[in-house]
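I have placed the structure first, in the form of structure tokens, so that the comments after it can refer back to it.
The values are calculated or read from the model by the stated rules, or taken from the named source; none is laboratory data. All values derive from a computational prediction rather than experimental measurement. Glycine also receives a Cβ, built like all others from the backbone with ideal geometry; neighbour counts cover every protein chain displayed. Calculation scope for accessible area: heavy atoms of the full protein, side chains included, ligands and nucleic acids excluded. Shrake-Rupley method; radii C 1.70, N 1.55, O 1.52, S 1.80 Å.
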2 protein chains.
Amino acid sequence: MNISVAADAAGLPVKTVRYYADIGLVAAPSRSASGYRTYDDASIRKLAFIRRAREFGFNIGECRELLGLYEDQNRSSADVKQIASKKLEEIRAKQRELQALHDDLSHLVDSCSGDHQPECPIIDYLG
Amino acid sequence: MNISVAADAAGLPVKTVRYYADIGLVAAPSRSASGYRTYDDASIRKLAFIRRAREFGFNIGECRELLGLYEDQNRSSADVKQIASKKLEEIRAKQRELQALHDDLSHLVDSCSGDHQPECPIIDYLG
DNA sequence: TTAATCTTTCCAGTAACTGGAAGGTCAAGG
DNA sequence: CCTTGACCTTCCAGTTACTGGAAAGATTAA
């Protein structure tokens, strides 16, 4: 697969896919005879995993750590489990925060009558 | 309230609180006689709202738009409701993605036996 | 074969902070 | 009263994580 197909499948811009290999976050992909990068399903899954992690505030270093869980053969399952469990708790915290943001906005939507009176009760709260 | 109290309450670094006023995302706070910025509860709520929105991938322009919902007196409730509803759908999409990330990591945790065998079934999936 | 649409590398620019220097302010303790 | 330490100020430079664009080569469809 060429880079644009892989990028689309992973939900990332082509530029970003190149960038992740440049900084060594993922391995450099193999190349075709003419120098085009070629991708397989495994690398796409990995890129999609990174995209999701990045979207939820894990920085590149943390993504490296998450991917390292899979790639470091010297790391024991207990270590993997411990680090991943910590990240899982961080994700749960993010889920709670996202729910709070959702509730804030829901409140706004509900408190607006939706007609053309330029009044919103939530102005008092956030104003 | 001085800036560090407000920043703590909103969950933001002091630097970022200053920055948001510098770029006009929030109004410039009032100053004490000696030039210290002073904050009230309303501005803290607004900063916390921005923090949550930023944490979940809304950029500064989108935060401006969200805050504009409350501040533009010329905007009708119907407009507010329409824009906020669109953002709500984006948040729900983020919640689904976050769940997928959670599930990915959960799978990793579950598939590791947790003892000291350096084997993880998920290596095959992501590797 | 030619035009459109890929792809490459390289380098510069952007968004959103973030760190650090240099200096002023304030509250507590001696 | 004085000092010490933790605040605060502005300003400017640096960082992270991309992102855009130029110049040039490769591939495909008509």
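Listed values for segment A:40-53 are Karplus-derived 3J(HN,Hα) couplings in whole Hz (6.51 cos²θ - 1.76 cosθ + 1.60, θ = phi - 60°), namely 10, 4, 5, 5, 5, 4, 5, 4, 5, 4, 5, 4, 4, 4, and x replaces Gly and Pro. Label-point spacing for A:Glu89 across the identical copies (point 7 Å from Cα in the Cβ direction), in nm and ascending order: 3.8. Position B:Val14: other-copy label points at 4.7 nm, ordered by increasing distance, label point 7 Å along Cα→C-beta. For B:Val26, nonlocal amide neighbours, meaning residues 5 or more places apart or on other chains whose placed amide H falls under 5 Å from its own, are B:Ala21.
When B and A come together, around 5000 square angstrom of accessible surface is lost from both chains combined, probe 1.4 Å.
Across identical copies of the chain, A:Arg45 has label-point separations of 4.7 nm, listed in ascending order, with the point defined 7 angstrom from Cα along Cα→Cβ. Give the calculated FRET efficiency between A:Asp40 and A:Arg96 to the nearest 0.05, with a Förster radius of 41 Å applied to their Cβ-Cβ distance. That gives a FRET efficiency of 0.65.
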